[in-house]
Amino acid sequence: MLPSPALSTRMRAVDLIRKKRDSGELSREEIDFLVAGYTRGEIPDYQMAAWLMAVWIRGMNRTELAALTEVMLHSGQVLNHSDIPGKKVDKHSTGGVGDKTSLILAPIVAAGGLTVPMISGRGLGHTGGTLDKLEAIPGFNVNLSLAEFRHVLRECGMGLIGQTAEIAPADKKIYALRDVTSTVENVGLICASIMSKKLAEGIDALVLDVKTGSGAFMKKEEDSVRLAEVMVETGKRMGKKVVALITDMDQPLGRMAGHANEVWESVEVLKGRGPADLRELSLELSAWMFFLGERTKSVEEGRRLAETVVATGKGLEKLRHGIRLQRGDERVVDEPQRLPQARFHTDVVSSTAGYVRIANCEQLGTALAMLGGGREKKEDKIDHAVGLEFHKRIGDRVEKNEKLVTIHYHSDAKLAEAKSLIVGSYVVSERAPLEKQPLVRRIIGA
Ligand code: URA
């Protein structure tokens, strides 16, 4: 809740920044003062950015984290969809390169009989965001009013929107600021950001996809597990069913990273095609959503239901309906040329023959952002047409001069720099890697 004017006059942002800078513990009232003041526009970006950096460096304890999550959650409305029959479930990913599963599983799960009221984010750091991807579809509106959102949910069982002035407004502002101030990769800030949005959605159950590896915010598996545990605990404390899958992000998910090309690849999966890893993870996450939403008695049954929804074309039909209701051009489903297209393309080829390793998946995301697929400043506009197409996966054989990546771009300005990041992301070695990492590494909270 917002602090009383009396409280506001006693506190000063500068003192709270100093307190955190010096490793102090902030009280709930102090966190409330900062978050509410920033959300209302009374505390400027530079003070919030300084506080976020102090948190990034000094960390928060569990009490501060719980307070931040709750204050951010209650910065707006907490939705109640009890008038819509059935269980409401959602999924959220901590972010990766080429991670487009939301566009696939929301229609699968809605077509399978549950309601998916999804509040997503924009691109963050080197990772892509669902909202930006959806906006690659001409006309698609992610800024629905609450009444429109509820109408869409009732009509087709899924709605995909961003944080608004009504729902999770604190995360809307803080998220955009973190993106451009290098304050993303922090367990407490990620947990508060994700859980404040998700708990505001009025859901019964939540599946978390916590990425791990060189393309994730948490590079080490033990850090991803810690993040997963904190989020699962937060959700359960609020009375939700929550499970977290720790999944691989040592390489991009699927063959495409970008916006328009990720929409196209998602449609491919809903048509029963598309790359195996993307299909497998989308079905697995859908299966857990069906299970937690009590639509099926087991995860295995959930997987079978997800497969059937895809095979019968019901998932694709649901996507079409969802796009139509959110005022997008549903013809993109059959006519991908209606999605934004880049004017030029160029290939990055291997300089030697051998087996592919990806040394730095984050750099691939950074290269894409540099080409216009991400933001350096809050005001930057995304170029939905630029993208990367990956021809090789870890462990694949590659010959000398064979294509590793195709870059789809508009301007030469940052091309050389982006290209060198991509070249530096790959290592080609003489020997094949001994073991293949599983896509789902661990499950927390099952
Ligand atoms: N996704 C979010 O919504 N917030 C974060 O901080 C990271 C990923």
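The values are calculated or read from the model by the stated rules, or taken from the named source; none is laboratory data. Computed from a predicted model, the values in this text were never measured in an experiment. When we count neighbours, we look across all protein chains shown, and the Cβ atoms used for this are built from the backbone with ideal geometry, even at glycine.
Have a look at V35, V78, V97 and point out the one that is in contact with a strand residue (DSSP E or B) (Cβ under 9 Å, 6 or more places away or on another chain) and either outside the structural domain of E135 (by TED's automatic domain parsing) or modelled with pLDDT of 95 or more (or both).
Details: V35 fails: in contact with a strand residue (DSSP E or B) (Cβ under 9 Å, 6 or more places away or on another chain); V78 fails: in contact with a strand residue (DSSP E or B) (Cβ under 9 Å, 6 or more places away or on another chain).
Only one candidate passes the filter, namely V97.
Of the residues in segment 98-128, how many are assigned to a loop (DSSP other than H, G, I, E, B) and either surrounded by fewer than 24 Cβ atoms within 10 Å (Cβ to Cβ) or more than 13 Å from the ligand (Cβ to nearest atom) (or both)?
Result for segment 98-128: 8.
Yes or no: V309 in a strand (DSSP E or B) and either touching a residue at least 24 places away in the same chain (Cβ under 8 Å) or touching a His at 6+ places or on another chain (Cβ under 9 Å) (or both)?
no
Please work out which one of (1) crowded, with 24+ Cβ neighbours inside 10 Å; (2) more than 27 Å from E284 (Cβ to Cβ) is the condition S193 fails and give its number.
Among (1) crowded, with 24+ Cβ neighbours inside 10 Å; (2) more than 27 Å from E284 (Cβ to Cβ), the lone unmet condition for S193 is (2).
If I filter segment 251-260 down to residues being in contact with a His (Cβ under 9 Å, 6 or more places away or on another chain) and in a loop (DSSP other than H, G, I, E, B), which single residue comes out as nearest to A369 (Cα to Cα)?
Going through the qualifying residues, I end up with H259.
For segment 123-150, give me each residue that is farther than 17 Å from I104 by Cα, without any contact (Cβ under 8 Å) to a residue 60 or more places away in the chain and not acidic (D, E).
N143, S145, A147, F149
If you go through segment 263-280 one residue at a time, do you hit one that is in contact with a His (Cβ under 8 Å, 6 or more places away or on another chain), at positive phi and more than 12 Å from the ligand (Cβ to nearest atom)?
Looking for residues that are in contact with a His (Cβ under 8 Å, 6 or more places away or on another chain), at positive phi and more than 12 Å from the ligand (Cβ to nearest atom), one finds none in segment 263-280, hence no.
Residues that are away from the ligand (no atom under 16 Å from the Cβ), in contact (Cβ under 8 Å) with a residue 40 or more places away in the chain, of a type in the set (D, E, K, R) and assigned to a loop (DSSP other than H, G, I, E, B): does segment 187-205 have at least one?
yes
Take A413 and decide whether it is surrounded by fewer than 18 Cβ atoms within 10 Å (Cβ to Cβ) and of a type in the set (G, A, S). Steps first, answer last, please.
Working: surrounded by fewer than 18 Cβ atoms within 10 Å (Cβ to Cβ): yes; of a type in the set (G, A, S): yes.
Taking the combined requirement at face value, the residue satisfies it.
Can you report the number of residues in segment 384-401 which are in contact with a Leu (Cβ under 9 Å, 6 or more places away or on another chain) and either within 19 Å of L253 (Cβ to Cβ) or surrounded by fewer than 21 Cβ atoms within 10 Å (Cβ to Cβ) (or both)?
Quick first cut of segment 384-401, residues in contact with a Leu (Cβ under 9 Å, 6 or more places away or on another chain) only: 384-388, 390-392, 398.
Next, from what is left, pick out any that are either within 19 Å of L253 (Cβ to Cβ) or surrounded by fewer than 21 Cβ atoms within 10 Å (Cβ to Cβ) (or both): 384, 386-388, 390-392, 398.
Qualifying residue count for the region: 8.
Is it fair to say G159 is assigned to a strand (DSSP E or B), more than 16 Å from the ligand (Cβ to nearest atom) and assigned by TED's automatic domain parsing to the domain that holds K219?
yes
Go through segment 206-236 and give me each residue that's polar (S, T, N, Q) and in a helix (DSSP H, G or I). Give the derivation first.
Taking segment 206-236 and keeping what is polar (S, T, N, Q), we get 212, 214, 224, 234.
Correct list: S224, T234.
Which one of these is closer than 24 Å to G374 by Cβ and either in contact with a strand residue (DSSP E or B) (Cβ under 8 Å, 6 or more places away or on another chain) or within 13 Å of the ligand (Cβ to nearest atom) (or both): M72, M48? Steps first, answer last, please.
On the way: M48 fails: either in contact with a strand residue (DSSP E or B) (Cβ under 8 Å, 6 or more places away or on another chain) or within 13 Å of the ligand (Cβ to nearest atom) (or both).
One residue alone meets the criteria, M72.
Can you name every residue in segment 370-386 that is in contact with a strand residue (DSSP E or B) (Cβ under 9 Å, 6 or more places away or on another chain) and among the aliphatic types (A, V, I, L, M)?
Listed by number, the residues that qualify are L371, A385, V386.
For segment 261-294, what are the residues that are outside any helix (DSSP H, G or I) and either in the same structural domain as I394 (by TED's automatic domain parsing) or under 19 Å from L245 (Cα atoms) (or both)?
G293, E294
State the number of residues belonging to segment 61-96 that are under 30 Å from D250 (Cα atoms) and part of a loop (DSSP other than H, G, I, E, B).
Residues that pass the stated criteria total 4.
Assuming A147 fulfils every condition listed in (1) assigned to a loop (DSSP other than H, G, I, E, B); (2) surrounded by fewer than 24 Cβ atoms within 10 Å (Cβ to Cβ); (3) more than 14 Å from the ligand (Cβ to nearest atom) apart from one, which condition is it?
(1)
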